[in-house]
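Asker: Encoded as structure tokens, here's the structure I'll be asking about.
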Amino acid sequence: MNSSFLTPRRILIGIAVVALLLIVRFCTQNSGPEGPSELSIRYEAAPSKINPFLSLVFADIYPCARIFQTMGDLDPATLTLVPIIIKQVPQVYEVTDGPHKGELAADVEIIPEAAWDNGTPVTAKDIEFSLKLVFHPLIPSKAYLSYFDNISEFKIDPANPKKFTIYYKDYYFMAVEGLLLFPIMPAYNYDPGNKMTNVPLADFLDSTKLKAFTTDPNMKAFADEFQQPKFLNDPNFVTGSGPYRIETINDQGLILVKKENWWGDKVAERVPLLAAYPNKIIYKVVKDENVVFNMLKNEQLDIVAGSFSPAKYFECKNNDSIAAKYDFEVKPPMQYNRWLFNMTKPVIKELAVRKALAHIVDYDKAIANIRLGLAERTVSNILPSKPYYNKDIVPYDFNIKKAQDLLAAAGWADANNDGILDKVIDGQSTRLSIELLVTNVNTSRQYAEMVTEAARQAGIEIKSVSIDLTELNPKTRNGDYQTAFLGATLFPGSTEMAQRYHSNSLAPAGDNRSQLINPALDSLIDLISSERDEVK
């Protein structure tokens with residue numbers, strides 16, 4: 001991805017792994033022993049879908065995590081999996097007898113304190129309900145499906161409604177991690193009519209029955225209601241087992257307030273990740289970095305989140321009045337910049353074109369002049385700190401001559417002497433003109449200017465179109481683009497390639513936004529997911 005990422009059929013190019021910049025206020029007037037009672041966080045886009053099964057954009061993810069819980073999480077210090085609402089991280093074992101002999105299983109028990117807002121306990125039924133959301137054919141997002149398509153049965157302990165056993169047909173390297181990191185939703189709230197709750201999970205695991213659900217009136221009614229605005233942003237209907245609830249939400253931002261007598265407070269000493277100190281979290285939508293600068297001077301923000309250019313970061317850091325009140329931190333890279341290609345577009349289908357584009361990116365200039373040194377080259381979407389990151393892959397170099405030679409060998413030539421190459425494709429003369437979608441963030445515009453200038457030297461016309469991030473995400477998901485600059489997160493846990501590169505994860509249901517379909521790549525991803533030997 002960053003730098004460049006070569007697969008048998010396409011290249012996904014990027015600029016660099018980007019360091020995470022944090023500006024955090026440390027002089028807070030309303031602070032208590034545990035921290036501030038109120039937090040103001042700058043966002044660059046407004047949250048709109050506070051439902052983890054219907055939105056995966058940055059603006060929605062973090063508020064969702066304050067409202068909806070997972071069974072476990074990655075410890076921020078060690079990045080190891082730890083329990084949150086369950087007694088312990090389960091161990092996968094081989095079943096030696098019974099109907100599941102030869103399969104793998106894991107036993108899970110929810111802690112007794114875990115409860116919903118109506119006072120009822122979080123039970124295995126809620127976990128089962130949430131798993132049905134993963135498989136439901138009429139719910140558009142399939143972001144979690146790759147973690148669970150190996151399940152054979154989900155069995156609730158008849159003697160303990162908070163305990164269950166999950167069975168897997170085969171070994172899957174992310175079975176436990178996937179199970180513990182997907183969101184849990186209350187069945188009583190999101191399915192009050194029991195349209196889906198009363199249908200056994202086994203039916204969702206049966207391909208024939210699952211197909212029939214697409215025309216089942218109850219399944220359709222549930223899916224339609226689940227996607228209604230009330231379950232996306234209505235404070236009276238958006239609810240989970242987490243510490244916060246929505247107070248207000250609009251295009252200016254979002255306010256979360258801590259619930260009174262939240263159950264997790266009783267357990268926080270034993271489970272530190274349950275600690276929730278601020279009584280109020282205010283997400284303020286501020287797109288203009290100059291406005292952010294002034295808000296910092298006036299102490300109107302506690303944390304700056306979202307895209308923030310290195311130039312503005314250093315300007316804030318070097319301002320005495322701001323530096324006196326805020327901490328400035330550069331965290332290890334947890335995100336990357338990528339040049340995303342839509343493989344359904346005729347010009348982009350050509351390998352020579354994609355390779356040429358890889359060679360017209362001046363990576364060193366981007367890191368030095370745009371990121372101001374706060375980035376590094378990478379060759380994939382795997383964290384460079386991971387032991388399986390391949391340090392031997394040679395990244396693409398900035399080389400206009402190589403780009404020109406690649407295109408000439410593929411039959412591109414400037415027939416009308418206008419400086420832009422052309423070629424006959426499917427009987428029609430086609431200019432080598434490429435549309436590039438970019439957000440209106442300073443760094444994205446700078447990247448676009450840099451590649452546009454270099455591309456013209458190679459005979460490629462790049463038409464840069466600046467749009468808001470809230471438009472860019474749906475456009476790339478729906479395939480309504482040719483190429484785009486779009487950042488992505490580097491997951492700190494195990495690396496699962498299926499969601500972004502497998503043909504079963506094609507957008508908009510999955511996150512394969514390039515529409516990459518490659519049987520050889522699919523096979524490799526499948527082999528990796530079922531391989532027990534980490535070295536292999």
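The values are calculated or read from the model by the stated rules, or taken from the named source; none is laboratory data. None of these values were measured; they are calculated from a predicted model. Ideal geometry is used to build each Cβ from the backbone, glycine not excepted, and the neighbour counts take in all protein chains shown. Protein only, heavy atoms only, side chains kept; ligands, DNA and RNA dropped before computing areas. Shrake-Rupley method; radii C 1.70, N 1.55, O 1.52, S 1.80 Å.
Asker: Rounded to whole Å and ordered largest first, report the semi-axes of the equivalent ellipsoid of the chain derived from its Cα gyration tensor (root of 5λ).
Answerer: Rounded to whole Å, the semi-axes are 40, 31, 21.
Asker: Could you give the size of the charge dipole of the stretch 34-104 about its Cα centre, using +1 on the Cβ of each K and R and -1 on the Cβ of each D and E, expressed in debye and rounded to the nearest 20?
Answerer: The dipole magnitude comes to about 180 debye.
Asker: Where only protein heavy atoms count, and the probe is 1.4 Å, what is the accessible area per residue for the chain in Å²?
Answerer: Dividing the accessible area of the chain by its residue count gives 45 Å².
Asker: What is the helix-to-structure angle for 442-457, meaning the angle in degrees between its Cα long axis and the longest Cα principal axis of the chain, kept from 0 to 90 and rounded to the nearest 10?
Answerer: That works out to roughly 40 degrees.
Asker: Please label the shape of the stretch 89-179 as rounded, prolate or oblate, based on the square roots a ≥ b ≥ c of the eigenvalues of the alpha-carbon gyration tensor (a/c under 1.5 means rounded; beyond that, a/b larger than b/c means prolate, else oblate).
Answerer: Oblate is the answer for the stretch 89-179, as a/c is 1.5 or above yet b/c matches or exceeds a/b.
Asker: So if I place +1 on the C-beta of Lys and Arg and -1 on the C-beta of Asp and Glu, and nothing else carries charge, what would the dipole magnitude of the chain be about its Cα centre? I want it in debye, nearest 20.
Answerer: So the magnitude is around 640 debye.
Asker: Relative to the present Cα-Cα distance, how much length would full extension add between Glu225 and Glu38 at 0.36 nm per residue of separation?
Answerer: 63.9 nm
Asker: Under the rule of at least 5 residues apart or a separate chain, name every residue whose amide H is placed under 5 Å from the amide H of Phe53.
Answerer: none
Asker: At what distance in angstrom do the alpha carbon centres of the stretch 95-111 and the stretch 272-293 lie from each other?
Answerer: Going from one Cα centre to the other spans 42 Å.
Asker: So if R0 is 45 Å, what FRET efficiency would Asn399 and Asp234 give, r being the distance between their Cβ atoms, rounded to the nearest 0.05?
Answerer: The value I calculate is 0.25.
Asker: Taking a 29 Å limit on the Cα-Cα distance, which of the listed pairs Lys312/Lys402; Lys169/Lys355; Lys287/Lys386; Lys258/Lys325; Lys297/Lys463; Lys259/Lys317 fall beyond it?
Answerer: Beyond 29 Å between Cα atoms: Lys312/Lys402; Lys169/Lys355; Lys287/Lys386; Lys297/Lys463; Lys259/Lys317.
Asker: Then there is this: Apply the Karplus parameterisation 6.51 cos²θ - 1.76 cosθ + 1.60, with θ equal to phi minus 60°, to every residue of the stretch 415-429 and state each ³J(HN,Hα) to the nearest whole Hz, in sequence, with x for glycine and proline.
Answerer: Karplus values, whole Hz, x for Gly and Pro: 5, 9, 6, 9, x, 10, 5, 9, 6, 7, 10, 6, x, 10, 5.
Asker: Per residue of the stretch 477-487, what does 6.51 cos²θ - 1.76 cosθ + 1.60 with θ = phi - 60° give for ³J(HN,Hα)? Whole Hz please, x for Gly and Pro, Karplus curve as stated.
Answerer: Per-residue couplings from phi come out as 5, 8, x, 8, 6, 9, 9, 7, 8, 9, x Hz.
Asker: Along the principal axes of its C-alpha atoms, what lengths does the stretch 423-526 span, in descending order and rounded to whole Å?
Answerer: The Cα atoms of the stretch 423-526 stretch 40, 39, 22 Å along the principal axes, largest first.
Asker: Could I have the simple spin-label model distance between Ile61 and Gln252, label points 7 Å from Cα toward Cβ, reported in nm to one decimal?
Answerer: 2.8
Asker: Work out how much length Tyr389 to Phe173 would gain on full extension: take 0.36 nm times their residue separation and subtract the Cα-Cα distance, in nm to one decimal.
Answerer: Gain on stretching Tyr389 to Phe173: 76.1 nm.
Asker: Amide H of Gln335: which non-local residues (sequence gap of 5 or more, or other chain) have their own amide H closer than 5 Å, using H built in the peptide plane?
Answerer: Residues meeting the criterion, in which the H sits 1.01 Å from N, are Val18, Leu490.
Asker: Separate question: Do any trypsin sites (Lys or Arg not before Pro) in the stretch 375-409 lie in a loop, going by DSSP, with at most 11 other beta-carbon atoms within 10 Å of their beta carbon, and if so which?
Answerer: Taking the stretch 375-409 and a limit of 11 other Cβ atoms within 10 Å, the loop trypsin sites (Lys or Arg not before Pro) found are Lys391.
Asker: Please report the net charge: other residues with Cβ closer than 11 Å to the Cβ of Lys258, K and R +1, D and E -1.
Answerer: Combined, the nearby Lys, Arg, Asp and Glu give 0.
Asker: Search the structure for amide H atoms under 5 Å from the amide H of Met185, placed 1.01 Å from N in the peptide plane, and list their residues when 5 or more places away or on another chain.
Answerer: The list, which skips near neighbours in sequence, is Ser130.
Asker: Another question, then. Got a sec to turn the phi values of the stretch 294-311 into Karplus ³J(HN,Hα) couplings, 6.51 cos²θ - 1.76 cosθ + 1.60 with θ = phi - 60°, whole Hz, x for Gly and Pro?
Answerer: Per-residue couplings from phi come out as 5, 5, 5, 4, 9, 6, 8, 10, 9, 9, 9, 10, x, 5, 8, 5, x, 4 Hz.
Asker: Another question about this same structure. With Cβ to Cβ distances under 9 Å as the rule, what net charge do the other residues near Ser241 carry (K, R +1; D, E -1)?
Answerer: Taking every other residue near Ser241 into account, the sum is -2.
Asker: So, one more: Once you keep just the Cα pairs under 8 angstrom separated by 6 or more residues, what percentage relative contact order results for the chain?
Answerer: 22
Asker: Summing +1 for each Lys or Arg and -1 for each Asp or Glu, what net charge is found among the other residues whose Cβ lies under 11 Å from the Cβ of Leu301?
Answerer: Within the 11 Å Cβ shell, the charges total +3.
Asker: I'd like the carbon and sulfur percentage of the solvent accessible area for the chain, probe radius 1.4 Å, heavy atoms only, ligands and nucleic acids excluded.
Answerer: Heavy-atom surface of the chain belonging to carbon and sulfur, 1.4 Å probe: 51 percent.
Asker: Name the residue farthest towards the positive end of the dipole of the chain from the options Ile322, Ile151, Phe68, assuming +1 on Cβ of Lys and Arg, -1 on Cβ of Asp and Glu, about the Cα centre.
Answerer: Of Ile322, Ile151, Phe68, it is Ile322.
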